[in-house]
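Student: Pasting a structure here, questions to come.
The values are calculated or read from the model by the stated rules, or taken from the named source; none is laboratory data. Computed from a prediction, not measured in an experiment: that's the story for all the values here. With ideal geometry, Cβ positions are generated from the backbone for all residues, glycine too; neighbour counts draw on all protein chains shown. Remember, those area values only see protein heavy atoms, side chains included, never the ligands or the DNA or RNA. Shrake-Rupley method; radii C 1.70, N 1.55, O 1.52, S 1.80 Å.
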Amino acid sequence: MSNTGNHNRIINAAARMALKPAGAIRKGQSRLWLDDNGWYITLIEFQPSSSPGSLLNIGVQFMWYPKEVYAFDAGYRQQDIGSIRYRNDDQFTPQAQAMAEAARDRMLVIRQQMQGITSASTYIHGLLAENPVTVWTYLHQGMLHLLQGHTDEALSRFRQLLAEPDSWEWALELMVHIQHQRHLPWLTEIVQKSRALKKLPERVIDLSTI
C-alpha cells in the first residue's frame, strides 16, 4: 500500500475510534464527520494537507438556509492544533489518534455550548466576531436574535443583509413572516428542506424549544 493509502487509513481509523462512540457520523468515505443536532451540525474535517497528513477544521453549520453543500458558518481551522505529517506508520498513528481525540473533545464542547439558545447565541457571536463581516454574518446574527425573541435586533440585521449587493429575496420573505408572527413554522420548513438537501435523516425540529 502507498504511503498516501496508509495515512488515509490511519486517519480514518483514528477518527472512527474517537468520534463514532461520541455520536458523530462519517460522510460517505470522506474525511468529514458530522455531529447532527437537528437545527445545526458540527462539522469535523480532517483536511488533507499539501504533503500526506492532515489539518483539523471544526465548526458549525446552521440548517436555516437551504443548500445542499456542507460549509463552515462559524468556526473553522484549529490553528492551535496545527498539522500532522506522515513519515511512517509508527510516527503517524499516535499523532492521528491525538488529533482525533482533540476533535472529539472540541465537538463535545460545542455540543454543550449550543444547549439553549442564549448560550448558543453567546458562543456563536464570539466565533463570528473572529472573521470579517459578510452577508452570512448578518444572517446568522439575525437568526440568533430572532430565536431569542429579540425581533427588533433581528430585523436590524436582516436590513443590513438586504443592503448588501449580494443579498437574497429569501430575507425579504423572512421579514414578512416575522411581521406576521409566523416565522417559526416557516423556518422549521426551511430547516427540514436544508436537511433533505443534505440527505440527512428526518428529525422532529421545534425551534421554539431550543
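Per-residue answers, yes or no, for (1) part of a helix (DSSP H, G or I); (2) β-branched (Val, Ile, Thr); (3) open to solvent by 50 Å² or more (accessible area, probe 1.4 Å); (4) over 22 Å from Ile41 (Cβ atoms):
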| residue | (1), (2), (3), (4) |
| --- | --- |
| Gln97 | yes, no, yes, yes |
| Met107 | yes, no, no, no |
| His145 | yes, no, no, no |
| Ile178 | yes, yes, no, yes |
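Student: If you don't mind, there's one more thing I want to ask. Give just the number: which of (1) in a helix (DSSP H, G or I); (2) open to solvent by 30 Å² or more (accessible area, probe 1.4 Å); (3) free of Cβ contacts under 8 Å to residues at least 60 places away in the same chain does Ala102 not satisfy?
Tutor: Of the numbered conditions (1) in a helix (DSSP H, G or I); (2) open to solvent by 30 Å² or more (accessible area, probe 1.4 Å); (3) free of Cβ contacts under 8 Å to residues at least 60 places away in the same chain, the odd one out for Ala102 is (2).
Student: Looking at the range 184-200, is at least one residue at pLDDT below 85 and not in a helix (DSSP H, G or I)?
Tutor: The answer is no, given that none of the residues of the range 184-200 is at pLDDT below 85 and not in a helix (DSSP H, G or I).
Student: Sort through Arg16, Arg9, Arg31, Arg26 and tell me the only one that's open to solvent by less than 40 Å² (accessible area, probe 1.4 Å) and either over 30 Å from Leu174 (Cα atoms) or free of Cβ contacts under 8 Å to residues at least 60 places away in the same chain (or both).
Tutor: Exactly one of Arg16, Arg9, Arg31, Arg26 is open to solvent by less than 40 Å² (accessible area, probe 1.4 Å) and either over 30 Å from Leu174 (Cα atoms) or free of Cβ contacts under 8 Å to residues at least 60 places away in the same chain (or both), namely Arg31.
Student: For Trp170, are the conditions met, namely being of a type in the set (Phe, Trp, Tyr), open to solvent by 60 Å² or more (accessible area, probe 1.4 Å) and over 30 Å from Ile10 (Cα atoms)?
Tutor: no
Student: Take the residues in the range 149-167 that are in a helix (DSSP H, G or I) and open to solvent by 30 Å² or more (accessible area, probe 1.4 Å), then tell me which one is modelled with the lowest pLDDT.
Tutor: The qualifying residue modelled with the lowest pLDDT is Leu162.
Student: Could you say whether any residue in the range 113-124 is assigned to a helix (DSSP H, G or I), in contact with a strand residue (DSSP E or B) (Cβ under 9 Å, 6 or more places away or on another chain), crowded, with 18+ Cβ neighbours inside 10 Å and not small (Gly, Ala, Ser)?
Tutor: Yes, there is a match, as at least one residue in the range 113-124 is assigned to a helix (DSSP H, G or I), in contact with a strand residue (DSSP E or B) (Cβ under 9 Å, 6 or more places away or on another chain), crowded, with 18+ Cβ neighbours inside 10 Å and not small (Gly, Ala, Ser).
Student: Here's something else I'd like to know. Within the range 56-94, count every residue that is in contact (Cβ under 8 Å) with a residue 40 or more places away in the chain and in a strand (DSSP E or B).
Tutor: 6
Student: Consider Phe46 against the criteria (1) out of contact with any Ser or Thr (no Cβ under 7 Å at 6 or more places or on another chain); (2) over 30 Å from Ser208 (Cα atoms); (3) at pLDDT 95 or above; (4) buried (at least 20 other Cβ atoms within 10 Å of the Cβ): it satisfies all of them except one. Which criterion is unmet?
Tutor: (1)
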